[in-house]
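These notes are about the structure you will find just below.
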Amino acid sequence: MSQQLPLISHLLELRNKLLRAIGSVLLVFICLVYWANDIYHYMAIPLMQSLPETGSMIATDVAAPFFAPFKLTLVLSFFVAIPYVLFQVWSFVAPGLYKHEKRMIMPLLFSSTVLFYLGIAFAYYVVFPVVFAFFTSVAPEGVQVATDISSYLSFILKLFFAFGLAFEIPVAVVLMCWAGVTTPDELKQKRPYIVVGAFVVGMMLTPPDIISQTMLAIPMLILFEGGLLAARLYTPKEDTDNEEPENEKADS
């Protein structure tokens, strides 16, 4: 019975953290939903600037003019609330971490959030103009480019998630080296395989065009090199036998 009580308390705490995280997303959504159409218009600017003067976006579904901006605003609300969501995750796992792990994870949480935002910004300001200009320029003669708003939303969300996750490579490299899974020297020796893997991942995460695949693979390789440099600056402490997590100290 005594073992069940801590488990129940942990589950209740996890529920509270999840509710707070979800509530933060909903709060941001409520604040942004009034400008849902303006937000969608802003996200459509890269495509609209590449269309011919007579070109425009279309809605093939009756409910698409409502649900497409609504869905985009909901996803954007999650992006905006990510720092608070990660803080809830941190506050839940922090009591079970060693002191040196806490010093390690807080900077990683901050850097992972910043890198995710940078990946989204890179996709919007760098990748989108190039990709859409290419797509509209190669349209066969007599074909009018008129993209459906739901299809466009699906396309940009895939790229947002792809570039946001790809920009987390430095964090992944540091974590693997810190956990002892590998070392910077071993990763350096495997660089040719990583180059091939970056283009394979770019092919899997992006739509089937060589431009977006290449524009994802090249930043991944640059970020990988940055992760190697960061991993060399951190050497995990080996002597942690006498160090106890806070929750174990409290129980004792």
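The values are calculated or read from the model by the stated rules, or taken from the named source; none is laboratory data. The model shown is predicted, which means the values in this text are computed figures rather than measured ones. So basically every Cβ, Gly included, is an ideal-geometry build from the backbone, and we count neighbours across all protein chains shown. In case anyone asks, the SASA skips ligands and DNA or RNA and just uses the protein heavy atoms, side chains included. Shrake-Rupley method; radii C 1.70, N 1.55, O 1.52, S 1.80 Å.
Dipole of segment 1-148, Cα-centred, from +1 at each Lys and Arg C-beta and -1 at each Asp and Glu C-beta, to the nearest 20 debye?
With Lys and Arg at +1 and Asp and Glu at -1, about 920 debye.
Over segment 36-184, consider all pairs of different Cα atoms and compute the Kirkwood hydrodynamic radius from their mean reciprocal separation; express it in Å, one decimal.
Across segment 36-184, the inverse of the average 1/r is 17.9 Å.
What is the P(r) of the chain, as percent of Cα-Cα pairs per 10 Å bin from 0?
The calculated distribution, bin by bin, is 6, 23, 27, 23, 14, 5, 1, 0.
Placing +1 on the Cβ of each Lys and Arg and -1 on the Cβ of each Asp and Glu in segment 139-220, which of 210, 183, 139 has its Cα farthest towards the positive end of the resulting dipole?
183
Using the alpha-carbon centroid of each, what span in Å lies between segment 124-138 and segment 1-69?
Segment 124-138 and segment 1-69 have Cα centres spaced 25 Å from each other.
Out of the total accessible area of the chain (probe 1.4 Å, heavy atoms of protein only), what percent is carbon and sulfur?
68 percent
Largest first, what is the accessible-area ranking of 178, 90 with a 1.4 Å probe?
178, 90
Picking from 25, 171, 145, which is most flexible by a Gaussian network model of the chain using Cα springs under 10 Å?
145
May I ask you to give the solvent-accessible area per residue for the chain, in square angstrom, as obtained with a 1.4 angstrom probe?
I get 60 Å² per residue for this part.
Enumerate the amide H contacts of residue 58 below 5 Å, restricted to partners 5 or more residues apart or on another chain; note that Pro and chain-start residues carry no placed amide H.
Amide H neighbours of residue 58, under 5 Å, 5+ apart: 147, 148, 149.
So what are segment 155-203's ellipsoid semi-axes, whole angstrom, largest first, if each one is the square root of 5 times an eigenvalue of the alpha-carbon gyration tensor?
Ellipsoid half-lengths, sorted descending, are 24, 14, 6 Å.
Where q = 0.12, 0.13 Å⁻¹, what log10 of I(q)/I(0) comes from the Debye formula for segment 1-53, counting one point per Cα?
Rounded to two decimals, the profile gives -0.54, -0.58.
Pairs of lysine in the chain with Cα under 21 Å and at least 8 positions apart or on different chains: total?
Eligible lysine pairs with Cα atoms under 21 Å apart amount to 7.
Where the only charges are on Cβ atoms (+1 Lys, Arg; -1 Asp, Glu), what is the dipole of the chain about its Cα centre, to the nearest 20 debye?
About 140 debye.
Sort 51-62, 125-136 for me by packing, meaning the mean count of neighbouring Cβ atoms within 10 Å per residue, highest on top.
So the peptides 51-62, 125-136, ranked by packing, come out 125-136, 51-62.
For segment 77-125, what is the Kirkwood estimate of the hydrodynamic radius, computed as the reciprocal of the mean inverse distance between distinct Cα atoms, to one decimal in Å?
11.8 Å
How big is the Kirkwood radius of segment 1-105, worked out from every pair of different alpha carbons and given in Å to one decimal?
Here the Kirkwood hydrodynamic radius works out to 17.2 Å.
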